[in-house]
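In what follows, a structure is listed as structure tokens, so that the remarks can point back to it.
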Amino acid sequence: MRTLTIKSPGRVNLIGEHTDYALGYVMPAAINLYIVLEGRPSTAVRLQSSMLGEVAGFDLCNLVRSGDWSDYVKGIYYVLVKRGVRVGGVEGVISGNLPAGAGLGSSASLELAVLYFLNQAYSLKLSRIEMALIAKEAENEFVGVPCGILDQFSALMGRRGHAMFLDTELLRCEYVLIPSDIAIIVFFTGVKREIGRTAYIERRRVVEEGLRMLGAWSSKYLSSGDLAKLPAAHRRYLSYIVRENERVVKVRDLLKSGDAAAVGEVLVEAHEDLAVNYGVSCPELDFTVREAVRLGAYGARLTGAGFGGSVVILASKSRAESVAEGVLSRYVRKFPWSPKYFIVEASDGISNAR
Ligand code: GLA
């Protein structure tokens with residue numbers, strides 16, 4: 001069989017953070033930063049990462065976690081085997097320009113590049129939604145990160161020029177056109193914090209416990225009366241999620257009416273809420289948001305799980321470059337990290353490269 005080349009995008013979440021595991025609303029877009037897999041079928045797995053200069057190799061009958069990036073690949077096999085799907089190996093090279101650990105969904109992007117390849121190479125006939133669920137399960141059960149569906153759905157279902165208003169309970173998605181004047185800047189702070197993982201798990205635990213106490217399945221159905229019944233920590237986190245769900249609906253409507261300035265204001269409010277009440281920000285993220293707004297962006301907020309990673313900044317196309325450059329030069333004077341920014345486009349989901 002000939003070599004297949006798969007282009008798997010990262011994502012930026014415009015609004016709706018830490019709501020997916022409470023089955024609320026999110027509004028991401030796939031972006032034109034990719035993991036590229038060039039592979040051909042084989043009896044075992046042997047993938048070389050040109051970014052890391054490392055090789056992941058294993059036999060299909062030996063799926064043992066090794067604590068490195070090969071776990072994302074093994075996780076996909078783990079779920080397929082568990083489901084009784086017969087599938088062979090892959091040999092090839094992984095490259096691309098999507099940074100890892102930047103809060104841009106790179107693990108899901110890698111998992112899906114492999115799964116999308118296997119789906120074609122071995123005619124598995126999986127739908128995009130099935131692939132999203134398999135990749136999420138790989139992450140939850142094999143890698144050990146209890147993430148929601150945000151990253152996987154975005155990488156598969158993205159549409160050029162659009163954000164996705166996604167109900168993560170029903171997996172129902174409405175595509176919302178991003179007004180052509182809005183530029184999306186992703187500012188990677190250069191901060192990768194391990195604490196993020198533990199804190200994420202802890203937030204999720206409290207949120208799920210709170211939902212259980214109320215007998216609720218999804219955060220979408222909670223009222224202020226419900227929240228009042230909860231103990232303080234549960235109330236604090238779930239109140240944030242209820243407000244964030246409302247903001248996702250608001251941003252969808254504001255985007256439709258083309259009111260970029262108002263969208264920006266909601267983003268800033270969301271960041272404040274994430275920082276103060278949900279407790280997942282850090283000085284680098286707060287600084288980036290503040291400076292972006294001061295330099296004339298419509299708005300900005302942390303994107304992804306937080307504790308480092310990236311900020312999404314919305315600015316008019318004519319100002320994007322100067323806002324991004326301005327934030328960058330101020331940031332490097334204040335912090336010792338190596339930040340990087342990307343002016344990205346909302347893009348189509350995973351596909352074969354032409
Ligand atoms: C990570 C997870 C997502 C989501 C975000 C926070 O990116 O992978 O499922 O929970 O954090 O919104």
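The values are calculated or read from the model by the stated rules, or taken from the named source; none is laboratory data. Predicted model, so just to flag it, every value in this text is computed and none were measured. For neighbour counting, all protein chains shown are included, and Cβ atoms are generated from backbone atoms with ideal geometry for every residue, glycine included. Each accessible area value is taken on the protein alone, full model and side chains, heavy atoms only, with ligands, DNA and RNA left out. Shrake-Rupley method; radii C 1.70, N 1.55, O 1.52, S 1.80 Å.
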Original post:
Given the conditions (1) open to solvent by less than 10 Å² (accessible area, probe 1.4 Å); (2) part of a strand (DSSP E or B); (3) touching a helix residue (DSSP H, G or I) at 6+ places or on another chain (Cβ under 8 Å), which single one is not true for E17?
Top reply: (2)
**OP:** Look at region 243-272 and say how many of its residues are part of a helix (DSSP H, G or I) and farther than 12 Å from G16 by Cβ.
**Re:** 14
**OP:** Consider L23 carefully, then state whether it is within 16 Å of the ligand (Cβ to nearest atom), touching an Asp or Glu at 6+ places or on another chain (Cβ under 9 Å), of a type outside the set (D, E, K, R) and open to solvent by 10 Å² or more (accessible area, probe 1.4 Å).
**Re:** yes
Subject >> Hits in region 308-343 (condition: assigned to a loop (DSSP other than H, G, I, E, B) and of a type outside the set (G, A, S)) >> reply: F335, P336, W337, P339
Original post:
Identify, please: which residue in region 139-157 is over 12 Å from the mean Cα position of the chain (by Cα) and within 12 Å of the ligand (Cβ to nearest atom) and is, among those, surrounded by the most Cβ atoms within 10 Å (Cβ to Cβ)?
Top reply: E139
Subject >> Failed item in (1) assigned to a strand (DSSP E or B); (2) in contact with a helix residue (DSSP H, G or I) (Cβ under 8 Å, 6 or more places away or on another chain); (3) within 16 Å of the ligand (Cβ to nearest atom), with D71 passing the rest >> reply: (1)
Original post:
Among the residues of region 119-138 satisfying the criterion of being touching a helix residue (DSSP H, G or I) at 6+ places or on another chain (Cβ under 6 Å) and not basic (K, R), which is farthest from the ligand (Cβ to nearest atom)?
Top reply: L126
Original post:
Quick check: anything in region 205-226 at positive phi and either open to solvent by less than 60 Å² (accessible area, probe 1.4 Å) or in contact (Cβ under 8 Å) with a residue 12 or more places away in the chain (or both)?
Top reply: no
Original post:
For region 89-109, what are the residues that are buried (at least 21 other Cβ atoms within 10 Å of the Cβ) and within 13 Å of the ligand (Cβ to nearest atom)?
Top reply: A102, G103, L104, G105, S106, S107, A108, S109
